[in-house]
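Undergrad: If you scroll down you'll find the structure; I have some questions about it.
The values are calculated or read from the model by the stated rules, or taken from the named source; none is laboratory data. Small disclaimer: the values here were computed from a predicted structure and weren't measured. Note that each Cβ is placed from the backbone with ideal geometry, even for glycine, and that neighbours are counted across all protein chains shown. Heavy atoms of the whole protein, side chains included, go into the accessibility calculation; ligands, DNA and RNA do not. Shrake-Rupley method; radii C 1.70, N 1.55, O 1.52, S 1.80 Å.
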Amino acid sequence: MTRLYGASETSVGLESYMKIKRHDNPGSNNSTAGRQEVAPKPTLDDQVLDRALRPSNFDEYVGQDKIKENLKILIGAAKKRKEPIEHLLLHGPSGLGKTTLAYIIAKELGANLKITSGTALEKAGDVGSILTGLSDGDILFIDEVHRLNKAVEEVIYPAMENFKLDIVIGKGNSAKTLQIDLPRFTLIAATTKISMLSSPFRSRFGANLRLDFYNQGDIERIVNRSAKLLSIDTDKEAVSIISQASRFTPRVANRLLKRVRDYSQMTDEETSISALAAKKALAMLEIDDRGLEKTDREIMHAIADKFAGGPVGLKSIAASISEEEGTIEDVYEPYLLRIGLIARTPKGRVITAQGLKHLGIKNTLL
């Protein structure tokens, strides 16, 4: 699926949402037995709400300071030359703000943003129909670009380099090549697996920017900003608890904030979030104080208990907890490695002394 956004539509405000939330119930003036009846209020879908929480400019975008500085220079220089910016490759773990940066870049340039994904571009014709529909200065954002198949990737090469699209008409000896001129567009590609991109493809990007995990302070600023936009009162300790459990990832932080808000509203009948409510909500979600979920702990217990602390191969871990290898490797393992609870060796995965301490297991394995 491909989505097109104008320069003024790259972010969604909360005005319409808050109007709905503040809308008076038509029957609120009528009371029954001295009690006021309140009709259910419509709420926004989480996906729409996520877009509403998305920063709309570099000042609102928290963290990734070096990347923001580089992008400001690229955008400023391109504006002075009155040219589109060079093609950009954004890579790093999911949930760190790659798509948000694409929205901000488009808004800063006053350009239209067309969004698609690597899985949506199945054949060369799909790429051709999108590229020919662009205008000069437009930005094409391809998410999960590592999922492009080889044939589609090779069609994009000349489009990126020479702004030309090569089309083969016919088959065999009667085949002819037709070359179509394309508008001068900018490709912004995002991936969580840069190693899966071919070298010729990577070399065609003018800038290669890697997003890293956020620190505790930045995550707390993001949670405070999101809480303010959602009109949620939070105490300082609650913000700290949510931030510590966010796996240093803004997307996770916003998700946990909304879930804690839901818990608080259902138990306290108010929109404020206390530290106690945050702890109880995370406990209900089976998320501990370091952001580990049930599957994270199952992986660590498997290494420690079933395989005597390791080393053990990924296939064995996956089989022991009934989880897919790819899910463990892409979703759970990076965070466990980053905070030092497990380690990867040439012989396989091992649990560290910190990992054993976190599980409450006496360190007799290492």
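Undergrad: Would you check if residue 113 is farther than 21 Å from residue 57 by Cβ, in contact with a Leu (Cβ under 8 Å, 6 or more places away or on another chain), in contact (Cβ under 8 Å) with a residue 24 or more places away in the chain and not assigned by the TED database to the domain that holds residue 331? Can you show your working first?
TA: Values: farther than 21 Å from residue 57 by Cβ: no; in contact with a Leu (Cβ under 8 Å, 6 or more places away or on another chain): yes; in contact (Cβ under 8 Å) with a residue 24 or more places away in the chain: yes; not assigned by the TED database to the domain that holds residue 331: yes.
Here the answer is no, as residue 113 does not meet what is asked.
Undergrad: Can you tell me which residue among 69, 83 is surrounded by fewer than 16 Cβ atoms within 10 Å (Cβ to Cβ), more than 21 Å from residue 161 (Cβ to Cβ) and charged (D, E, K, R)? I'd like the intermediate steps shown before the answer.
TA: On the way: 83 fails: more than 21 Å from residue 161 (Cβ to Cβ).
Just a single option satisfies the conditions, and that option is 69.
Undergrad: Please work out if residue 333 is closer than 23 Å to residue 243 by Cβ, of a type in the set (Asp, Glu), out of contact with any Asp or Glu (no Cβ under 6 Å at 6 or more places or on another chain) and open to solvent by less than 30 Å² (accessible area, probe 1.4 Å).
TA: On the way: closer than 23 Å to residue 243 by Cβ: yes; of a type in the set (Asp, Glu): yes; out of contact with any Asp or Glu (no Cβ under 6 Å at 6 or more places or on another chain): yes; open to solvent by less than 30 Å² (accessible area, probe 1.4 Å): yes.
Judged against the criteria, residue 333 is a match.
Undergrad: Whether any residue in region 262-272 is touching a residue at least 24 places away in the same chain (Cβ under 8 Å) and buried (at least 19 other Cβ atoms within 10 Å of the Cβ) is what I want to check. Spell out the reasoning first.
TA: So the first thing to find is which residues in region 262-272 are touching a residue at least 24 places away in the same chain (Cβ under 8 Å), and the list is 271-272.
The next check asks that each one be buried (at least 19 other Cβ atoms within 10 Å of the Cβ); those that pass are none.
Within region 262-272 (the criterion being touching a residue at least 24 places away in the same chain (Cβ under 8 Å) and buried (at least 19 other Cβ atoms within 10 Å of the Cβ)), the answer is no, since none of the residues qualifies.
Undergrad: What pairs can you find where one residue is in region 211-223 and at negative phi, the other is open to solvent by 10 Å² or more (accessible area, probe 1.4 Å) and charged (D, E, K, R), and their Cβ atoms are less than 9 Å apart, with a gap of 6+ or different chains?
TA: Matching pairs, first to second residue: 211/98; 213/247; 213/338; 220/236.
Undergrad: Report the residue count in region 204-217 for those that are touching a His at 6+ places or on another chain (Cβ under 7 Å), at pLDDT 90 or above and open to solvent by 40 Å² or more (accessible area, probe 1.4 Å).
TA: So the count comes out to 1.
Undergrad: For residues in region 283-304 being open to solvent by 10 Å² or more (accessible area, probe 1.4 Å) and assigned to a helix (DSSP H, G or I), which is nearest to residue 263 (Cα to Cα)? Spell out how you get there, then give the answer.
TA: First, the residues of region 283-304 that are open to solvent by 10 Å² or more (accessible area, probe 1.4 Å): 283-290, 293-295, 297-298, 301.
Then keep just the ones that are assigned to a helix (DSSP H, G or I); that gives 283-284, 294-295, 297-298, 301.
Values: 283: 11, 284: 9, 294: 19, 295: 22, 297: 24, 298: 25, 301: 29 Å.
Here the answer is 284.
Undergrad: For the list (1) farther than 30 Å from residue 214 by Cβ; (2) in contact (Cβ under 8 Å) with a residue 24 or more places away in the chain, I need the number of the one condition that residue 100 fails.
TA: Just one mismatch for residue 100, condition (1).
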